[in-house]
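Beneath this line is the structure, given in structure tokens, with notes to follow.
The values are calculated or read from the model by the stated rules, or taken from the named source; none is laboratory data. Source: prediction; values computed, not measured. Cβ coordinates were reconstructed from backbone atoms using ideal geometry, including for glycine residues, and neighbour counts include every protein chain displayed. Only protein heavy atoms, including side chains, enter the accessible area calculation; ligands, DNA and RNA are left aside. Shrake-Rupley method; radii C 1.70, N 1.55, O 1.52, S 1.80 Å.
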Amino acid sequence: MRARYGIPLGIVAAGAAGLVYAAGFEARSFRLRRVTVPVLPPGMRPLRVLQVSDIHMVSGQRKKQRWLQSLAGLRPDFVINTGDNLSDPEGVPEVMDALGPLMEFPGAYVFGSNDYYGPKLRNPARYLMEKASGRHGLNGNPPAVGAIHNPWEDLRDGFDAAGWLNLTNTRGVLKVEGVSIELTGLDDPHIKRDRYAQVAGGPSGSYDFSLAVVHAPYLRVLDAFTADAYPLILAGHTHGGQLCIPFYGALVTNCDLDTDRVKGLSTHTAEGHTSYLHVSAGCGTNRYTPVRFACPPEATLLTLVGRE
């Protein structure tokens, strides 16, 4: 009898332990990633950019709030928020409280699908099926029925009041101690709200540096930004795979980006141009899947330096 049931019970125990670790420890084990990117014109002083993404705030997540507040101690030159701040219609006050100290710095933002719509319980295996079919979000799938509408307008109004630039299918300029930074952003491609025609044409050449911002790193967006010669693209959305296999990596990206570039710094090439791409693994999870494994939550401090 022991030989018959010992292995299954052991597997169950290991699975339960892994779930406890993934939900109880790793999902709240916040990290800061530091990256140096050689993209500035030669001779220009370095710029320190703090990227926060995929907060997915649920009311009551105090540790996450305190950690985000503490990032203000890094004293970045400016902040880029790449979306998916909410996972709870009641979470706007917590997001504003968590990001309050960071909003003392210049900044800009784009929204993700979870800023507009509340999450729904879904089978995690659907992410694997979507990867196999090449259909993600509203890209090839029918619209969601009965979606919960989040109060994204309140979030927008709070960011705007703090002076952060809204980059929803538009351009903007930040002034940082005498340096002018041109920013071009898109609304979320995951729900087909991106309108590249409204921002096409590449950097204007009138500013010291230009970068591109989007929530979900779909290839059509990366191709367009790169072909227009943006030196750096910032994105989020992927959660770094969220549930990864140690020594192997991510299984999915929740978009058509390959898993080799699911998080961190890489490059993208299109039409003879090459851009740096940084994808944040984000610091939150969907409220219905509050687990991470081999992929701790993060924010990133990017130090932009002169290119060789």
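Which number do you get for Rg(Cα) / (2.2 N^0.38 Å) in the chain? Mind showing how you got there, number by number?
Values: Rg = 19.6 Å, N = 308, 2.2 N^0.38 = 19.4 Å.
Rg over 2.2 N^0.38 Å, computed on Cα atoms: 1.01.
For Phe78, list long-range residues whose amide hydrogen, built 1.01 Å from N in the peptide plane, is under 5 Å from its own amide hydrogen.
Those lying under 5 Å, H to H, from Phe78 are Arg48, Leu50.
Any idea what the dipole of the range 60-140 comes to, in debye rounded to 20, about its Cα centre with Lys/Arg Cβ at +1 and Asp/Glu Cβ at -1?
For the range 60-140, the charge dipole is close to 440 debye.
Residues with amide H under 5 Å of Met57's amide H, sequence separation 5 or more or different chain, H placed in the peptide plane at 1.01 Å from N; which?
Leu86, Ser87
Scaled to the compact-protein estimate 2.2 N^0.38 Å, what is the alpha-carbon radius of gyration of the range 30-169, rounded to two decimal places? Walk me through the numbers on the way to the answer.
Values: Rg = 17.0 Å, N = 140, 2.2 N^0.38 = 14.4 Å.
Output field value: 1.18.
Could you pull out every whole DSSP H run in the chain that spans at least 20 Å of Cα extent along its own axis and averages 0.5 or higher on the Kyte-Doolittle scale?
Details: long enough: 2-24 (32 Å, 0.97).
Span-like helices, by this rule, are 2-24.
I need the Kirkwood Rh of the range 161-308: take the reciprocal of the average 1/r across all distinct C-alpha pairs and report it in angstrom. Spell out each step's value before the answer.
Working: mean 1/r = 0.0619 Å⁻¹.
After inverting the pairwise mean of 1/r, the radius is 16.2 Å.
Which of Leu165, Asn81, Ala27 sits closest to the plus end of the dipole of the chain, meaning its Cα is farthest towards the positive end, when Lys and Arg get +1 and Asp and Glu get -1 on the C-beta?
So the residue furthest toward the plus end is Ala27.
Compare the peptides 183-190, 83-90 by average per-residue count of other Cβ atoms within 10 angstrom and give them in order, highest first.
Details: 183-190: 25.6, 83-90: 23.5.
Ranked from most to least packed, the peptides come out as 183-190, 83-90.
Sequence-distant or interchain residues sharing an amide H contact under 5 Å with Phe293, placed H: which?
The answer is Leu243, Cys244.
Looking at the range 35-102, I'd like the Rg to Rh ratio, where Rg is from alpha-carbon atoms and Rh is Kirkwood's inverse mean 1/r.
On the way: Rg = 14.3 Å, Rh = 13.2 Å.
Radius of gyration relative to Kirkwood radius: 1.08.
For the range 219-306, with equal point scatterers placed on the C-alpha atoms only and solvent neglected, what are the log10 I(q)/I(0) values from the Debye formula at q = 0.17 1/Å, to two decimals?
-0.72
Averaged per residue, what accessible surface does the chain expose to a 1.4 Å probe, in Å²?
Details: 13710 Å² over 308 residues.
Dividing the accessible area of the chain by its residue count gives 45 Å².
Could you please state, rounded to a whole Å, how far the C-alpha centre of the range 222-258 is from the C-alpha centre of the range 44-92?
19 Å
Using the Karplus curve 6.51 cos²θ - 1.76 cosθ + 1.60 with θ = phi - 60°, work out ³J(HN,Hα) for each residue of the range 275-280 in order, rounded to whole Hz, and write x for Gly and Pro.
Once rounded to whole Hz, the list reads 10, 7, 10, 10, 10, 7.
In nm, to one decimal, how far is the Val305 label point from the Leu251 one, both placed 7 Å along Cα→Cβ?
3.9 nm
Would you compute, from DSSP H runs of 4+ residues alone, the mean residue ellipticity of the chain at 222 nm, taking -39500 (n - 2.57) per run and dividing by the full residue count, rounded to the nearest 500? Please list the in-between numbers first.
Values: 7 runs with 72 residues, N = 308.
Theoretical 222 nm ellipticity from helices: -7000 deg cm²/dmol.
Can you order the peptides 277-284, 100-107 by their average number of other Cβ atoms within 10 Å per residue, highest first?
Values: 277-284: 26.1, 100-107: 17.6.
Going by the mean number of other Cβ atoms within 10 Å, highest first, we get 277-284, 100-107.
How would you rank 146-154, 227-235, highest first, on the average number of other Cβ atoms within 10 Å across their residues?
Working: 146-154: 13.4, 227-235: 21.9.
Top to bottom by mean Cβ count within 10 Å: 227-235, 146-154.
Over the chain, what percent of the accessible surface lies on carbon and sulfur atoms, probe 1.4 Å?
On the way: 7690 of 13710 Å².
Here it works out to 56 percent.
Nearest 0.05, what FRET efficiency do Ala227 and Arg122 give at R0 = 35 Å with Cβ-Cβ as r? Mind showing how you got there, number by number?
Working: r = 34 Å, r/R0 = 0.98.
Once the sixth-power term is evaluated, E becomes 0.55.
Taking 25 Å as R0, compute the FRET efficiency from the Cβ-Cβ separation of Ala144 and Asn166 and round it to 0.05.
Approximately 0.55, to the nearest 0.05.
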